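Below is one structure, written out as structure tokens; the observations come after it.
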Amino acid sequence: MSGTGNDTLAAKLGSLLLAGGLRVVTAESCTGGLIAGAITSIAGSSDWFERGFVTYSNDAKTELLDVTPELLAAHGAVSEPVALAMAVGALANSRADIAVAVTGIAGPGGGTPGKPVGTVCFAWARRGGGAPGTRTEHLPGNRADVREASVGIALDGLIEAAGESPDRNSP
């Protein structure tokens, strides 16, 4: 997906969040802040972007997002359970309504037979309602391709989450 495509997705997300009075938080590992960068490339994003966490190391995931060392040991950093814990932790440590988390292996090294290069896990969570969602993708291409495609997938999921309309006053 091209940067222009991600810019279009980010603008669409912003419109939905503004219309719903919602704010977003990002928790990023393999994308290293690219999702937050796509969002903040949109003028006026300060009205709907609450904050971003770049938690590349396991220590950062634990310290900033409350991901437990036990969860990391049981599943590995690149897993849907860890991505979900990152998203939930991002909500707990922010004032946002919707979160996205991404953790993966962008390459060129770091892959294993069970988790090859291009494996990326995503999670989306929404405060006060809506079931959290997780997804694992096996993305082709080089490091830049994997990271760019991950941004698009993350933004698509946020758009879907923003389109839901649970009662914002629920716990």
Practice task
Can you give me the number of residues within segment 106-161 that are among the β-branched types (Val, Ile, Thr), surrounded by 14 or more Cβ atoms within 10 Å (Cβ to Cβ) and more than 22 Å from Ala96 (Cβ to Cβ)?
Solution key: 4
Problem - Identity of the residue in segment 14-24, under 21 Å from Ala101 (Cβ atoms) and outside any loop (DSSP other than H, G, I, E, B), that ends up modelled with the lowest pLDDT - result: Gly20
Problem - Search result, residues across segment 42-59 that are more than 11 Å from Gly14 (Cα to Cα) and assigned to a loop (DSSP other than H, G, I, E, B) - result: Thr55, Tyr56, Ser57
Exercise for the section: With respect to Ala90, determine if the residue is more than 15 Å from Ala162 (Cβ to Cβ), touching a residue at least 24 places away in the same chain (Cβ under 8 Å), part of a helix (DSSP H, G or I) and not acidic (Asp, Glu). Expected result: yes
Practice task
From Thr62, Thr134, Thr112, Thr68, grab the single residue that is touching a strand residue (DSSP E or B) at 6+ places or on another chain (Cβ under 6 Å) and either at pLDDT below 95 or not charged (D, E, K, R) (or both).
Solution key: Thr134
Problem - Filter result for Gly32 (surrounded by fewer than 17 Cβ atoms within 10 Å (Cβ to Cβ), at pLDDT 95 or above and among the small types (Gly, Ala, Ser)) - result: yes
Handout entry: From Ala11, Ala36, Ala27, residue being more than 16 Å from Val102 (Cα to Cα) and among the aliphatic types (A, V, I, L, M)
Key = Ala11
Practice task
Taking Glu164 as meeting all but one of (1) acidic (Asp, Glu); (2) modelled with pLDDT under 95; (3) within 13 Å of the chain's Cα centre (by Cα), write down the number of the exception.
Solution key: (3)
Practice task
Determine, yes or no, whether Val67 is over 12 Å from the mean Cα position of the chain (by Cα) and either of a type in the set (D, E, K, R) or over 21 Å from Gly163 (Cβ atoms) (or both).
Solution key: yes
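The values are calculated or read from the model by the stated rules, or taken from the named source; none is laboratory data. For clarity, every value in this text was computed on a predicted model and none was experimentally measured. So basically every Cβ, Gly included, is an ideal-geometry build from the backbone, and we count neighbours across all protein chains shown.
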